[in-house]
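Readers should treat all values here as calculations from the given coordinates under stated rules, not as data from a laboratory. Just so it is clear, the model here is predicted, and its values are computed rather than measured. Every residue, glycine as well, gets a Cβ built from its backbone with ideal geometry; the counts of neighbours run over all protein chains shown.
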Amino acid sequence: MVYPEGYSWKRLCLPHLERRERSPKASFQERCGSWLSDLKGDALRKIYVVLILCFSLLGSCGGGEETELILATTTSVEDSGLLEHLLPVFETENACRVKVIAVGSGQAIRLAKDGNADAILVHDRKSEEEFVKEGYGEKRIEIMYNDFVLVGPENDPASLKDEKEIAVALRKIDSLETTFISRADESGTHKKEKSLWALAELSPEGGWYLQSGTGMEASLRVANEKRGYCLTDRATYLSHQKELDLAILFEGDKALLNQYSVIAVSPKKYPDVNHRLTQKFISFLTSDRGQMLIGEFGKEKFGQRLFTPNAKRD
């Protein structure tokens, strides 16, 4: 089926399905059945049609689409608990609901390109810039960062702890063919991993290089089971550290910076996006209060912040 330009099946169909679910027909009949039974023929049909139309109009104007924001985001901000920390504040202040679709950054961007999200919160600068350049998104707005780390079994079979450069650490893993778990899902983390192997001038392959095809938390669990190394964002690792027998074995290289940005889906591309609420959400994230909430997250539980706020606009 061919849809009008700027619309997807979801944006065309879901509002109508939601209105049908809210249809007052059953409750109306239950409440008014006693006196409706006394009316017959055209009189009954006219009253029924008028009331159903009125209720339908009220349902369509009740703000269902106005009060819901669809956010496609990377798994790390969900797995770390950051969204659970931020969203209730925004939802309460704006009497709205944020529907989160937590996937890899690559998939989040694809969802937005198909018109199935109002905003994206991701960590893959190159893909983000392409998303904006191609007209799918408005401005790319940086809001926070943390870093990537290499984790692995505490006995550190490849002896990475004393290394200062990520390229050297990866060459050690490759030369020893020590088990390494890759997300292999075209997420922001996976793309970062591939860029680091390229920096080391390597193309990993073989039975030691395992591809999980899953999110960050699940990949960490595979690494834990296989006693292998894994590249992870620091926040997700710290959030699940107590459940894993993995330690941070390499960190600190400037190549491991992990920048997060938020982008509103362009209403010029998809006129039915909730642009008004998206702008409020971006303003919240970049405000002094939003930045403070981001900076405070993790301090009480982990003794350190999991994300460093740095809101700015390109």
In segment 236-296, the trypsin sites (Lys or Arg not before Pro) that sit in a DSSP loop and have at most 16 other Cβ atoms within 10 Å of their own Cβ are LYS268
Subtracting the Cα-Cα distance of ALA95 and ALA255 from 0.36 nm times their residue separation yields 53.6 nm
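Mind checking segment 250-304 for GluC sites (Glu not before Pro) that DSSP puts in a loop (not H, G, I, E or B) and that have at most 16 other Cβ atoms within 10 Å? The partial results should precede the final answer.
On the way: sites: GLU251, GLU296, GLU300; in loops: GLU251.
Passing both the DSSP loop test and the Cβ count: GLU251.
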Which of LYS161/LYS254; LYS172/LYS242; LYS139/LYS269; LYS99/LYS194; LYS113/LYS280 exceed 23 Å between C-alpha atoms? The answer is LYS172/LYS242; LYS99/LYS194
Gyration tensor on Cα atoms of segment 147-257, a ≥ b ≥ c root eigenvalues, a/c under 1.5 rounded, else prolate if a/b beats b/c, else oblate, says rounded
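Given the Cα-Cα distance of ASP114 and LYS301 and 0.36 nm per residue of separation, how much length would full extension add, in nm? Mind dumping the intermediate values first?
Details: separation 187, 0.36 × 187 = 67.32 nm, distance 3.80 nm.
My answer for the length gained is 63.5 nm.
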Quick note, segment 145-186: a/c under 1.5 would make it rounded; otherwise a/b > b/c is prolate and the rest oblate (a ≥ b ≥ c, C-alpha gyration tensor); here it is oblate
Rounded to 0.05, the calculated FRET efficiency for the beta carbons of ARG289 and GLU129 at R₀ = 30 Å is 0.60
Note on segment 195-314: contact order normalised by length, alpha-carbon pairs under 8 Å, 6 or more apart, percent, works out to 15 percent
Two pseudo-spin positions, 7 Å from Cα along C-beta at LYS161 and at LYS312, lie apart in nanometres by 3.6 nm
